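The structure under discussion appears below in the form of structure tokens.
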Amino acid sequence: MTTAEALRRRLAATLAEDDWLHDDAWRAAVETEPRELFLGPAILKQSGLPAPTAWTALRRDSIPAEEWLDLTYSNETWVTQIDGVLAENATGPVEGSPTSSSTLPGLVVQMIERARARPGDRVLEIGTGTGYSTALLCNVLGAQNVTSIEVDQDAAERARKALDEAGHSPTLITGDGLLGAPEGAPYDRLIAACSVRFVPYTWLRQIKPGGTILVTLARWSFGHGLVRLTVDDEGGATGRFLPGYTSFMIARPHDHPPRGRLEFLPGEERPSRIDPTQLDDWTGRFVGQLAAPSAERFGTGAEQILLDVATGSQARTRPAERGGWIVEQRGPLKLWDAIEDAVEVWTAAGSPHVEAFGLTITLDGQRVWLGTPDGPSWRLPV
Ligand SMILES: C[S@@+](CC[C@H](N)C(=O)[O-])C[C@H]1O[C@@H](n2cnc3c(N)ncnc32)[C@H](O)[C@@H]1O
């Protein structure tokens, strides 16, 4: 057995032990697919130099082969592109945010299992990335049943070569995955490796009634919830958010619009009804985001800053001198009023984790609800 084969087995065993992986077929795929082929010649690691948001390439040929393989077969996400620059093309530190990566293998197999993809299914994957997750899908379902879409030309090209080298020939599309792939529809499952602000109606038309859409809902305040939807035969879908803490980079067309320098202007002050640190909680953030769906959020703890991209409305909190908190708001939307109302509904329900929420989509719109579909709900702007 080669070192790589032994490490693949070790990875599969670790994923099973750590509760990421349960099914023998997917375990065999992890034991077979060569992640080193998909990772390519370099990855990017956050270096913090010369700027806090700087990343530096780590090249395969700059470290001993065993060390590279060890890194490859760890249950880690490795960033392969920053703001459109592939790791292998980085000539010095690169500043920006990850735009492509090889997701941690545990999450890749957990997503596949959670989508309930099984032999016989036709799967549409959004966000090919390095192609590793696509290879696992091909391994179990057969390449003829796998379609994967990647928006980034360089990443798509690289993934195509790696999949070819690994002996897989799924249908690969370079383009916007939010449009789906109507030519191959209908599919049984859709698995998104990027998050969305709302579920594209194009997807609902391309998945069979009874089929599954697994996608992370996110907006610009860093709230995330992974939802598993069952598609109905009336053009809609419904399902619950799942336990855990899953987040993916946002689908490029759903990212926030460019913004100038953050400038906070004076507004109306009053005491806050809620503790702003509730927005630092995973689900508290998700709830705040439901209430202020076009807001970007900056700051942490008692000092939260919200800026509504659509209207320029602002809200800023700070500790009050005699205890409690002050909020200062400005603009046509009272962002903090809406957040307070939503957070109070959530805390009255016992501040449950995100799996207490669900999403219902009809032709009239998309609604996130708490508890049951007729419970308190928030409309998602689409
Ligand atoms: C987390 S990575 C995917 C990881 C991949 N599944 C793997 O295992 O290597 C997310 C990918 O989604 C892609 N992406 C972002 N927006 C997209 C869109 N609208 N359509 C298709 N792909 C998109 C990004 O370019 C990125 O490569």
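Is it the case that Ser247 is within 11 Å of the chain's Cα centre (by Cα) and of a type in the set (S, T, N, Q)? When the stated conditions are applied, Ser247 passes them.
Of the set (1) open to solvent by 50 Å² or more (accessible area, probe 1.4 Å); (2) part of a strand (DSSP E or B), all apply to Gly350 but (2). Between Arg285, Arg297, Arg316, the distinction of being part of a helix (DSSP H, G or I) and buried (at least 18 other Cβ atoms within 10 Å of the Cβ) belongs to Arg285 only. In this structure, is Thr277 open to solvent by 50 Å² or more (accessible area, probe 1.4 Å), outside any helix (DSSP H, G or I), at pLDDT 95 or above and of a type in the set (Val, Ile, Thr)? Judged against the criteria, Thr277 is not a match.
Looking only at residues that are hydrophobic (A, V, I, L, M, F, W, C) and more than 11 Å from Val109 (Cα to Cα) in region 2-24, which one is surrounded by the fewest Cβ atoms within 10 Å (Cβ to Cβ)? Step through it out loud before you land on a result.
Filtering region 2-24 down to residues hydrophobic (A, V, I, L, M, F, W, C) leaves 4, 6-7, 11-13, 15-16, 20-21.
From what's left, more than 11 Å from Val109 (Cα to Cα): 4, 6-7, 11, 13.
Working: Ala4: 16, Ala6: 12, Leu7: 19, Leu11: 20, Ala13: 14.
Checking each candidate, the answer is Ala6.
Given the options Val215, Val199, name the one that is part of a loop (DSSP other than H, G, I, E, B) and open to solvent by less than 10 Å² (accessible area, probe 1.4 Å).
On the way: Val215 fails: part of a loop (DSSP other than H, G, I, E, B).
Checking each option against the conditions leaves just Val199.
Quick one: how many residues across region 15-51 are among the hydroxyl-bearing types (Ser, Thr, Tyr) and touching a helix residue (DSSP H, G or I) at 6+ places or on another chain (Cβ under 8 Å)? Number satisfying all stated conditions: 1. When restricted to residues that are within 16 Å of the ligand (Cβ to nearest atom), on the phi < 0 side of the Ramachandran plot and touching a residue at least 40 places away in the same chain (Cβ under 8 Å), region 59-86 contains 7. The number of residues in region 353-382 being open to solvent by 60 Å² or more (accessible area, probe 1.4 Å), aliphatic (A, V, I, L, M) and either within 22 Å of Thr311 (Cβ to Cβ) or in a helix (DSSP H, G or I) (or both) comes to 1.
Can you confirm whether Ile305 is more than 30 Å from Leu214 (Cα to Cα), part of a strand (DSSP E or B) and either open to solvent by less than 70 Å² (accessible area, probe 1.4 Å) or small (Gly, Ala, Ser) (or both)? Give the steps one after another, and end with the answer.
Working: more than 30 Å from Leu214 (Cα to Cα): yes; part of a strand (DSSP E or B): yes; either open to solvent by less than 70 Å² (accessible area, probe 1.4 Å) or small (Gly, Ala, Ser) (or both): yes.
For Ile305, the condition - more than 30 Å from Leu214 (Cα to Cα), part of a strand (DSSP E or B) and either open to solvent by less than 70 Å² (accessible area, probe 1.4 Å) or small (Gly, Ala, Ser) (or both) - is met.
Among Val140, Val146, Val109, which is out of contact with any strand residue (DSSP E or B) (no Cβ under 8 Å at 6 or more places or on another chain), more than 11 Å from the ligand (Cβ to nearest atom), more than 30 Å from Pro381 (Cβ to Cβ) and of a type in the set (A, V, I, L, M)? Write out each step before concluding.
On the way: Val146 fails: out of contact with any strand residue (DSSP E or B) (no Cβ under 8 Å at 6 or more places or on another chain); Val109 fails: more than 11 Å from the ligand (Cβ to nearest atom).
Exactly one residue qualifies, and that residue is Val140.
Here Glu157 meets the list (1) more than 18 Å from Val108 (Cα to Cα); (2) within 9 Å of the ligand (Cβ to nearest atom) almost entirely, failing just condition (2). Going through region 115-132 one residue at a time, which ones are small (Gly, Ala, Ser), more than 6 Å from the ligand (Cβ to nearest atom), within 18 Å of the chain's Cα centre (by Cα) and crowded, with 24+ Cβ neighbours inside 10 Å? Gly131, the sole residue that qualifies. Scanning region 142-151 for residues that are open to solvent by 10 Å² or more (accessible area, probe 1.4 Å), under 21 Å from Glu36 (Cβ atoms) and within 23 Å of the chain's Cα centre (by Cα) yields a single hit, Glu150. Is there a residue being away from the ligand (no atom under 12 Å from the Cβ), closer than 30 Å to Gly312 by Cβ and open to solvent by 30 Å² or more (accessible area, probe 1.4 Å) anywhere in region 226-237? The answer is no, given that none of the residues of region 226-237 is away from the ligand (no atom under 12 Å from the Cβ), closer than 30 Å to Gly312 by Cβ and open to solvent by 30 Å² or more (accessible area, probe 1.4 Å). Being in contact with a Leu (Cβ under 9 Å, 6 or more places away or on another chain) and either modelled with pLDDT under 95 or open to solvent by 40 Å² or more (accessible area, probe 1.4 Å) (or both) is the filter here, so list the residues in region 162-184 that pass it. Correct list: Glu165, Ser169. Scanning region 30-58 for residues that are open to solvent by less than 70 Å² (accessible area, probe 1.4 Å), away from the ligand (no atom under 15 Å from the Cβ) and more than 21 Å from Glu95 (Cα to Cα) turns up just one, Glu31. Kindly indicate whether Leu229 is of a type outside the set (S, T, N, Q), part of a strand (DSSP E or B) and under 30 Å from Thr277 (Cα atoms). So Leu229 fails the test. Residues in region 169-190 that are within 13 Å of the ligand (Cβ to nearest atom) and free of Cβ contacts under 8 Å to residues at least 60 places away in the same chain: Pro170, Leu172, Ile173, Thr174, Gly175, Leu179, Gly180, Ala181.
The values are calculated or read from the model by the stated rules, or taken from the named source; none is laboratory data. Note that the structure is predicted; figures quoted are calculated from it, not measured. In this analysis, Cβ positions are derived from the backbone assuming ideal geometry, glycine residues included, and neighbour counts consider all displayed protein chains. Note: accessible area is taken over every heavy atom of the protein model, side chains too, but ligands, DNA and RNA are not part of it. Shrake-Rupley method; radii C 1.70, N 1.55, O 1.52, S 1.80 Å.
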